[in-house]
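Here it is: the structure, laid out below.
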């Protein structure tokens, strides 16, 4: 159920909220507090300020207590702001400014916005309970207006909680510095903030419903992590065994997060899942994992396997990592140049279930298969489906050799005829894919000159025969309105030493450039540019010749095109 709701309605009539103990710590910082404070300042003129979605799940049927599935940062911050208001009333009370009246106001606002006093009158039963790392500090220090002597000894999230309180108290003192009116301060909380802050409240019945809501919010541009929801579910399972087991699960999850770093955690989990199980897209991933993992033991096994796979997964994007030998590095460099990850599920499966020598053979072939597939600009979803299917076969021990896995990819191997056709008209912009162009050119040079140059060789530079910014001397053969169609064609590229390339300019005629090309040690320049003139016809002829050679360079050792 979804509806608009004010802060006053959220905290009314004995309602209470609990952040699951395994959810992330408080993380809002000064930029967030300032944004909220400035937005609140506009409420008198704007009437309301919309603070987004609040996703709740009942803790028990028939009770007004809820798990905060999404919105804990905002609710916690609003609670701290209300707490700062009561702290200022307490300060005025101690200064004997409307002492009795402000004491009554403070107690009423405390019970309405923060919690109920226990019988001792020295402690509160808070309306919001935070997670395992923040709740004790919130209750023992913030709710009692206690200031730590040494902030640096606090956990980072506890420091943020305390600094949030200090920030709002400071801003309130500035705002009411010349008007120490308890009535106005109480009115600011009850009317401006309480009635002016508006949420969209969504109440879900279970974790799966929460996930569906998250997916809907993602589709609307609200960035919510599938990985966070999965983490909560796994921690909920492990917590059944006790606090120590939950702490161990937290450590393992943190290790995974620390390893994955810049990689997307949800994507990693999906690739890992697809290496063992039927392919799942992100919208169905959580449901599939929840269907398979139902116990604490399952959860720990899953976390262990994720942690084990995370090091290799991260290194897929780091071809020079010490995990790889020379041949593996070369294969991974190509996969990275192509900027593809659809094959990661198969790579993970092969690493775990095949001998390392077989993995080495497989990834070399994957580079070739994906090179052909990507240049053909085919649907990546279909490739991912095939990769996952073969990965499952490897995981289930139905495939135990690289050759069998490669033959299983036959349906996505672009045959010679199609590959040659695509290659013969291919354009790649060096401003966006310079490394890929250089890789292709170096591979050609190695093929035609029987060399073993590496693409990252410093002396090799990319030469545009028709310059990127052609001078007027080129307009006869390449009128201005067609130049853009040919500048980035592969047939217009060559390799040159930097020392030669530096002597060329955009207004140099082809005949003069050819003299320089003939001094190059690269055959792509000293032999494969040997034309009397250079027009669009020569670019097409040159690229046709390259396309025929390309079939041999990027050719599977196991899949034969004639079989199709």
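So what is Rg over Rh here for the stretch 50-89, counting just Cα atoms and using Kirkwood for Rh?
Details: Rg = 12.8 Å, Rh = 11.7 Å.
Rg divided by Rh gives 1.10.
Taking just the alpha-carbon atoms of the stretch 422-553, what radius of gyration and Dmax come out, in angstrom?
13.6, 39
Provide the percentage of antiparallel DSSP beta bridges, counting only those with both residues in the chain; round to the nearest 5.
Numbers: 18 of 29 bridges.
Close to 60 percent.
Measuring from centroid to centroid over Cα atoms, what is the spacing of the stretch 12-32 and the stretch 40-58 in Å?
For the stretch 12-32 versus the stretch 40-58, the Cα centre distance is 16 Å.
Another question, then. Can you sort 70, 187 from fewest to most other Cβ atoms within 10 Å of each residue's own Cβ? The partial results should precede the final answer.
Values: 70 22, 187 14.
The fewest-first ordering by Cβ neighbours comes to 187, 70.
Something else now. With a ≥ b ≥ c taken as the square roots of the eigenvalues of the C-alpha gyration tensor of the stretch 223-414, please select rounded if a/c is under 1.5 and otherwise prolate if a/b is larger than b/c or oblate if it is not?
Working: a/c = 1.89, a/b = 1.73, b/c = 1.09.
Note, shape of the stretch 223-414 comes out prolate.
Using only the Cα atoms of the stretch 70-120, build the gyration tensor, take square roots of its eigenvalues as a ≥ b ≥ c, and label the shape rounded, prolate or oblate: rounded if a/c is under 1.5, else prolate if a/b is larger than b/c, else oblate. Write down the numbers at each step before the final one.
Numbers: a/c = 3.26, a/b = 1.75, b/c = 1.87.
Oblate, because a/c is 1.5 or more while a/b does not exceed b/c.
If you compute Cα Rg over 2.2 N^0.38 Å for the structure shown, which of (1) 1.02; (2) 0.98; (3) 1.32 do you land on?
(3)
Would you mind checking the radius of gyration and Dmax of the stretch 265-331 based on alpha-carbon positions, in Å?
14.2, 42
DSSP beta bridges in the stretch 1-143, what fraction antiparallel, as a percent rounded to 5? The partial results should precede the final answer.
Working: 7 of 12 bridges.
Of all bridge pairs located within the stretch 1-143, approximately 60 percent are antiparallel.
Determine the calculated [θ] at 222 nm for the chain from helices alone, applying -39500 (n - 2.57) to every DSSP H run no shorter than 4 residues and normalising by the residue count; nearest 500 deg cm²/dmol.
Numbers: 25 runs with 297 residues, N = 564.
Mean residue ellipticity at 222 nm (helix-derived): -16500 deg cm²/dmol.
Mean separation of Cα pairs under 8 Å and 6+ residues apart, divided by the residue count of the stretch 223-414: what relative contact order is that in percent? Could the numbers behind the result be given before it?
Numbers: 202 pairs, mean separation 44.6, N = 192.
The normalised contact order for the stretch 223-414 reaches 23 percent.
Quick one: helix 296-316 against the long Cα principal axis of the chain, what's the angle to the nearest 10°, folded into 0 to 90?
Roughly 40 degrees between the two axes.
While we're looking at this one, here's another question. Could you state the angle between the C-alpha long axis of helix 207-219 and the longest principal axis of the C-alpha atoms of the chain, as a value from 0 to 90 degrees rounded to the nearest 10?
Once rounded, one gets 60 degrees.
For a quick check: sort 45, 310 by the number of other beta carbons within 10 angstrom, fewest at the front.
Details: 45 6, 310 22.
Ranked by crowding around the Cβ, least crowded first: 45, 310.
Moving on. Averaging over all projection directions, find the projected area of the Cα convex hull of the stretch 315-397 and quote it in nm² with one decimal place.
On the way: hull surface 19.5 nm².
Its Cα hull, projected and averaged over all orientations, spans 4.9 nm².
Rounded, prolate or oblate: which one fits the stretch 2-203, using the alpha carbon gyration tensor with axes a ≥ b ≥ c (rounded when a/c is under 1.5, else prolate when a/b beats b/c, else oblate)?
Values: a/c = 1.35, a/b = 1.18, b/c = 1.14.
Because its axes are fairly even, with a/c under 1.5, the stretch 2-203 counts as rounded.
Counting only C-alpha contacts under 8 Å and six or more residues apart, can you give the relative contact order of the chain as a whole percent?
Details: 714 pairs, mean separation 67.4, N = 564.
Once normalised by length, the contact order is 12 percent.
Sort 64, 228 by Cβ crowding within 10 Å, fewest neighbours at the top. Could the numbers behind the result be given before it?
On the way: 64 13, 228 16.
Lowest count first: 64, 228.
Could you work out how far helix 430-449 tilts from the main Cα principal axis of the chain, as a 0 to 90 degree angle to the nearest 10?
30 degrees
Averaged over every viewing direction, what's the projected area of the C-alpha convex hull for the stretch 460-516? Give it in nm², one decimal, please. All intermediate terms of the calculation are to be shown ahead of the outcome.
On the way: hull surface 14.6 nm².
Result: a mean projected hull area of 3.6 nm².
Using alpha carbon centroids, what distance separates the stretch 137-206 and the stretch 362-377, in Å?
56 Å
Values quoted throughout were computed directly from the atomic coordinates according to the rules given, and no laboratory measurement underlies them. Remember, predicted model here, so these are calculated numbers, not experimental data. Glycine gets a Cβ as well: all are built from the backbone with ideal geometry, and neighbour counts include every protein chain shown.
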